[in-house]
Amino acid sequence: MAAAAKPLAATALPRLVIRLDRLRHNAARVVERGKAVGVEIIGVGKATLGDPRVIAALLAGGVRGIGDSRLPTLARLRGLTKAPLMLLRPPQRAETPQAAQVADVILLSELATAQRLSEAVRTGRGTSSPPAGRRPSSLQVILMVDLGDLREGLWPDQALGAAQQIAALPGLQLVGVGTNLTCYGGVIPTPANLGELVALRDALSARLHRPLPVVSGGNSSSLGLLWEGRLPAGVNQLRIGEGILLGRETTWRRPLPGLYQDAFTLQAEILELQYKPSLPRGELAQDAFGQTPRFADRGWRWRAILALGRQDVPPTSLQPLEDGVEILGASSDHLIADVTAMDPRPAVGDVLSFSLDYGGLLAAMTSPFVHRLYQDTPLQGVSQGKAASDGLFAEDGPERSAPKERRIRHAQDPSGFGRQCHSAKGPAGHRPGAAGQRGSHRPLSGGPA
Ligand SMILES: Cc1ncc(COP(=O)(O)O)c(C=O)c1O
């Protein structure tokens, strides 16, 4: 039966509903899976701007440390946790002293960056003494190697020489090699290219006459290999954001068996509901964003305008969760949806829910207009850790209850193995996601999730 939109309290909208219990669960599942083959997981919360409750959920799920590419976020987290912090993007020159003070480990690929960091560590590890309980003497660095994706990293045949020079710098401890794939070039991690990384580590280690313990084998695009048991031996660290936050690997955006894809949902209120033609009337030029819009004549339709715009989230990142809702487009402040097929028809003031892709999550977490409603209920059979109190609570709105789950048509049982991810099934022409463009791929099988 079609789910109907229900009126909600008219405050604190639009809002992200954040299921901390599901994030904790997802983190625990990925950690468990990694642990079984000797792979530690660094949780990456950057899409949430290092939201402290999200980070606490990841840590309670057992991630070994937290990674972020933005130093200000990492600095904020430094004050909240003693967990190891990894800076995923090399510091800019002016950031070097603070990076040396805040981060436990930094991914880098330039000798000049390493030299600056070495200098910062030697002159007192940044601007002031390190926080209590932290090693004062050395900063760990991981040398990034480009296995073909053409974002950061040294080309493999240049890595040996650079590693020797970096390893000789005082104050720095070169602990291993890393790579990042399926980010810019869309290159897939394979046993072959990650095996090359392990071989490179072995060669470096032999050249330096000392162990290099870390082989950091990429991001959520490596989770397919982990799940399929094809991650090459020797890879012992993965840095995981989307895999935990949205419960899917990122080569083809396949849902990970046993994980939730709906830890985040976005809700917005209907401001206007009008019966109008589907074709504009008058002479046409460009829209508010300089594009020339195209329209199909579908006759007269019920059109809802929601209080959500491109300033909050790109409309192509959203997938409606109520049956009968079709997103038509958005301007800065208005999301336009065709709700003709909704049964019963919604009313002005009703709230509609949407799932988001990674870009949508990033944008919504960045918009100052999007509120956050945290939910945290115990899950059976999952270690709850000490992340947050049980029950429902709201951070920045007066509500103390959340919208009813039954309104969300895909609220997922974590045992729903292999279901298609949201990004792959948006209306044609609506979602440019990789899954839709690159053809179909076999779902990941269940296994001991
Ligand atoms: C260097 C690096 N490692 C890991 C990640 C995590 O990526 P993902 O969200 O695909 O797991 C990112 C991006 O957030 C990154 O830039």
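Summary of computed values
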| read-out | value |
| --- | --- |
| Residues of the range 229-253 classified as of a type in the set (Asp, Glu) and more than 10 Å from the ligand (Cβ to nearest atom), total | 0 |
| Residue within the range 266-280 that is surrounded by 15 or more Cβ atoms within 10 Å (Cβ to Cβ), touching a residue at least 24 places away in the same chain (Cβ under 8 Å) and touching a helix residue (DSSP H, G or I) at 6+ places or on another chain (Cβ under 6 Å) present | yes |
| Qualifying positions in the range 54-82 - within 14 Å of the ligand (Cβ to nearest atom), more than 24 Å from LEU356 (Cα to Cα) and outside any loop (DSSP other than H, G, I, E, B) | GLY65, LEU71, LEU74 |
| Failed criterion for ALA12 (all others in (1) touching a Phe, Trp or Tyr at 6+ places or on another chain (Cβ under 9 Å); (2) not assigned by TED's automatic domain parsing to the domain that holds CYS183 hold) | (1) |
| From the options ALA56, ALA99, ALA103, residue that is out of contact with any Leu (no Cβ under 6 Å at 6 or more places or on another chain) and either farther than 22 Å from LEU361 by Cβ or touching a residue at least 40 places away in the same chain (Cβ under 8 Å) (or both) | ALA56 |
| Subset of the range 293-350 that is more than 19 Å from LEU271 (Cβ to Cβ) and crowded, with 23+ Cβ neighbours inside 10 Å - its residue that is farthest from the chain's Cα centre (by Cα) | GLN319 |
| Any hit, the range 219-228, residues being touching a strand residue (DSSP E or B) at 6+ places or on another chain (Cβ under 9 Å) and away from the ligand (no atom under 16 Å from the Cβ) | no |
| ALA112 being closer than 24 Å to GLN237 by Cα and either modelled with pLDDT of 95 or more or part of a strand (DSSP E or B) (or both) | no |
| Residue tally, condition assigned to a helix (DSSP H, G or I), within 13 Å of the ligand (Cβ to nearest atom) and of a type outside the set (Gly, Ala, Ser), over the range 20-53 | 4 |
| Filtered residue count, the range 188-237, keeping only those that are in a helix (DSSP H, G or I) and not hydroxyl-bearing (Ser, Thr, Tyr) | 23 |
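The values are calculated or read from the model by the stated rules, or taken from the named source; none is laboratory data. Note that the structure is predicted; figures quoted are calculated from it, not measured. So basically every Cβ, Gly included, is an ideal-geometry build from the backbone, and we count neighbours across all protein chains shown.
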